[in-house]
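This report concerns only the one structure given below.
Each reported figure results from applying straightforward, stated rules to the coordinates on display, with no laboratory input. None of these values were measured; they are calculated from a predicted model. Using ideal geometry, Cβ is built from the backbone for each residue, glycine included, and neighbour counts are taken over all protein chains shown.
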Amino acid sequence: MSDAMPVREQHRTTASAWGGGESPFAVPWAKLMMWLFLLSDAFTFAALLTGYAAMRITAGVWPGAGMKAADFFHVTTVVGPMTFILICSSATMAVAVGAARRGDHRTTVRFLALTVLGGLAFLGMQAYEWTGFIREGARLTGFVGELGGKIQPMFPATFFVITGFHGGHVTSGVIYLLVKTIQASRGRASAESVEITGLYWHFVDLVWVFIFTLLYLI
Amino acid sequence: MAEHHENVRGGAWYRTYVVTWFWLLVITGLEIATVFLGLPRLAVILLLVTLALMKAALIAAYFMHLRHERLNLIFTIAAPLILIVILFLGVARDALNVFFLRQ
């Protein structure tokens, strides 16, 4: 059958999108792998947040009788600005990616450094929130002190696990960004690698959207 | 793709980033305001989840450039996310049973 097929026709068959002749996604390999990693990470966060939702629904009263989760945190003065900072750092990252694509190294380095600063500010504010919460008696296994017994033990447990896991991602992201900033300042960061770093950082911002909504606002 | 790269060179992307950034901040402001509006609990939850999904879509589409990727990649990333909805619905059903048994 194939012997009878014209040469040009044979070439088109073997070079079809899924035949191995060309990339069906039209993205570099490293970028595709980052997307797949982020997809798997999304499932981890989804499992954590689903577990949190299940515990909250079954508890009925959350975190305790006559209390709201927002009573324990500084939603408008700390957590709101934390969200603002993370969104701004995502925007500076996007500008760094755009600059890297245009070959503007100076702007790339400047905006990567701004993104690092945003990440550090976010981590500092999260440390402040954690300190305040721990001082109120929150522990990984439940509340101690005068609030002990009045509050669902899973309230501080889910808070520390979910925000801690996200904070770990932010910390890794800041280190990743620092390395990329140093590479870019030496002219050794390709536009593609800056874009892949950006994908990771935007994902951290994307996950925070749900943590902010589910843990602090609802 | 060609148009996409042309936009990158032309600087149209910066406008897109600024507009996306602006709307993300507006939606965040709306989210915080929703908590203090005194709406019924279910309405607050539905509104906040909808606003969070809108923010996530904006970040993925414009900051992560997913909107400008091939449809193959968009479906490969987006389709498995249905599993999260299935996971939540399965677990929520069980959790609601326990909740109503306790009432």
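As a length-normalised measure over Cα pairs under 8 Å and 6 or more apart, the relative contact order of chain A settles at 26 percent. Using a ≥ b ≥ c from the Cα gyration tensor of chain A (square roots of the eigenvalues), is it rounded, prolate or oblate, where a/c under 1.5 gives rounded and otherwise the larger of a/b and b/c decides, a/b for prolate? Oblate is the answer for chain A, as a/c is 1.5 or above yet b/c matches or exceeds a/b. Taking a straight Cα-Cα cut-off under 21 Å and skipping sequence neighbours fewer than 8 places away in the same chain, the lysines within cross-link reach of A:K31 are A:K180. Over the Cα atoms of chain B, what is the Rg over Rh ratio if Rh follows Kirkwood? Result for chain B is an Rg/Rh of 1.12. Within a straight-line Cα-Cα reach of under 24 Å, A:K68 can be paired with the following lysines, leaving aside sequence neighbours fewer than 8 residues apart in one chain: A:K150.
Note on A:I182 and A:L36: the extension gain reaches 49.9 nm, defined as 0.36 nm multiplied by sequence separation minus the Cα-Cα distance. Sorted ascending by nearby beta carbons within 10 Å, beginning with the fewest, B:L96, B:L48 become B:L96, B:L48. Peptide B:39-48 has a mean shielding of 1, counted as Cβ atoms of other protein chains within 10 Å of each residue's Cβ.
Shielding value for A:202-209 is 5, the average number of Cβ atoms from other chains within 10 Å of each residue's Cβ.
Using the alpha-carbon atoms, what tilt in degrees (0 to 90, nearest 10) does helix A:154-185 show relative to the longest principal axis of chain A? Helix A:154-185 and the main axis of chain A meet at about 40 degrees. Under 20 Å from a label point set 7 Å out along the Cα-to-Cβ vector of B:F36, the amide N atoms of the range A:54-72 belong to A:67-72. Mean residue ellipticity at 222 nm, helices only, chain A: -23500 deg cm²/dmol; runs of at least 4 DSSP H residues each add -39,500 (n - 2.57), and the sum is divided by the number of residues.
Kindly point out which whole DSSP H helices in chain B project their C-alpha atoms 15 angstrom or further along the helix axis while averaging a Kyte-Doolittle hydropathy of 1.0 or above. The qualifying helices are B:12-36, B:41-58, B:82-102. Taking every residue in B:60-67 and counting other chain Cβ atoms within 10 Å of its Cβ, the average works out to 6. The loop-placed trypsin sites (Lys or Arg not before Pro) in the range A:163-196, going by DSSP, that have at most 15 neighbouring Cβ atoms within 10 Å of their Cβ come out as A:R186, A:R188.
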